[in-house]
Each structure stands twice: as C-alpha cells, then as structure tokens.
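Notes for the one structure printed next.
The values are calculated or read from the model by the stated rules, or taken from the named source; none is laboratory data. Everything quoted here is computed from the prediction, not taken from an experiment. Reconstructed Cβ throughout: ideal geometry from the backbone, glycine too, with neighbour counts over all protein chains shown. Please note that ligands, DNA and RNA were not included when accessible areas were found on the heavy atoms of the full protein model with its side chains. Shrake-Rupley method; radii C 1.70, N 1.55, O 1.52, S 1.80 Å.
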Amino acid sequence: MDVSLREVHDSDLPVFFRQMNDPESTHMAAFTPEDPTDHDAFDAHWTKMRTSADVAIRTVLADGDVVGNAGVYGAPGEREVTYWIDRAYWGRGLATAALRGLLELEPQRPLFARAAADNAASIRVLEKCGFHISAQDRGYAPARGTEIDEVVLVLHGG
C-alpha cells in the first residue's frame, strides 16, 4: 500500500472519532481520553491540536484512504510522537511507514514516545523507526480503568 501524510481536513475528523471508539484499539492504546464517546471533548481536543504552534499533526492515507493520524507535540527537547492506525489496517506496516514519514517532517531530536508495556506491536513500530526503550513508568490508562506499566522510548540523532 502507498502510505502518505497530509494536513488534517475537517472531513477526516468523523473517521478519527470512529477509530477512537473501537474497543480493541482503545484497549491497546490504553492512554486515551477518559470518555472517547464524548464528541464535544473530541472536537475541543482536535481544535486545540490543529491550532497549536507546538503540534504537527497529519492524516495518514493508505492508497488514498484515511486510515489514521500521526503527530508530534510538546516543547523542544520534550517532543513526543503519537500515532493511531485503524484496526482494520493493523499488521500491514502502515504505522511504521506513517511514523517514518512523520520523522522526515520533524527535524528536532530527541523525540520521545510512550506505549503500554504490553503493546508489543507499537513498541516494535517505534523500534523499527530507531527509537529505543529508555525508561519504564506506570501511569493511569483511562481505556483500561487502571494504572498500568508503560515504556518510554527515545530517538536521538537524525
């Protein structure tokens, strides 16, 4: 599949909202909004992300279809990557391709990422893109309703 990134369009948001409400996806992501069905909170979050100077967010396309989003946010020296791929496309290398594309757009290093410690697929995507585990942590995961183990990953260099 041909994977590309582009600016987020208003028409992408209903797709993102649907993706964020898939129970298996939210369980794997773990660190989601407290109530992913709250459309007003979703809209406020996306308005903030699309207008904030310290956020670079892109729509992920596969063969022209909207399949997710990828972004980087935070202050210099603390910037963190995030991505979400529709579960129907898992296991096809799209997250890796999207993250690689995002890393080409974002020159600042270091970059950080966090993942639930049991989310082996996401950790594998990050490692394929040059990130390495730098720390272990625990945090409250709203999608699971409990505190869970997580890993912190870092990407140095270019």
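Summary of computed values
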{"item": "Magnitude of the charge dipole, the chain, Cβ model with Lys/Arg +1 and Asp/Glu -1, debye to 20", "result": "500"}
{"item": "Accessible heavy-atom area order of Met49, Met1, highest first, probe of 1.4 Å", "result": "Met1, Met49"}
{"item": "Added length on full extension, which subtracts the Cα-Cα distance from 0.36 nm per residue, Lys128 to Asp38", "result": "29.0 nm"}
{"item": "Over the chain, relative contact order from alpha-carbon pairs under 8 Å, at least 6 apart, %", "result": "24"}
{"item": "Solvent-accessible area of Asp38 with every protein chain in place, 1.4 Å probe, in Å² to the nearest 10", "result": "60"}
{"item": "Probe 1.4 Å, all protein chains present, accessible-area order of Arg109, Arg18, Arg79, largest first", "result": "Arg18, Arg109, Arg79"}
{"item": "Furthest towards positive pole of dipole, Val81, Gly157, Leu102, structure part segment 79-158, Cβ charges", "result": "Leu102"}
{"item": "In Å², nearest 10: area of Asp2 left accessible to a 1.4 Å probe", "result": "100"}
{"item": "Which labelled figure in [x] 0.93; [y] 0.95; [z] 1.06 is Rg/Rh (Cα atoms, Kirkwood Rh), once derived from the coordinates", "result": "[x]"}
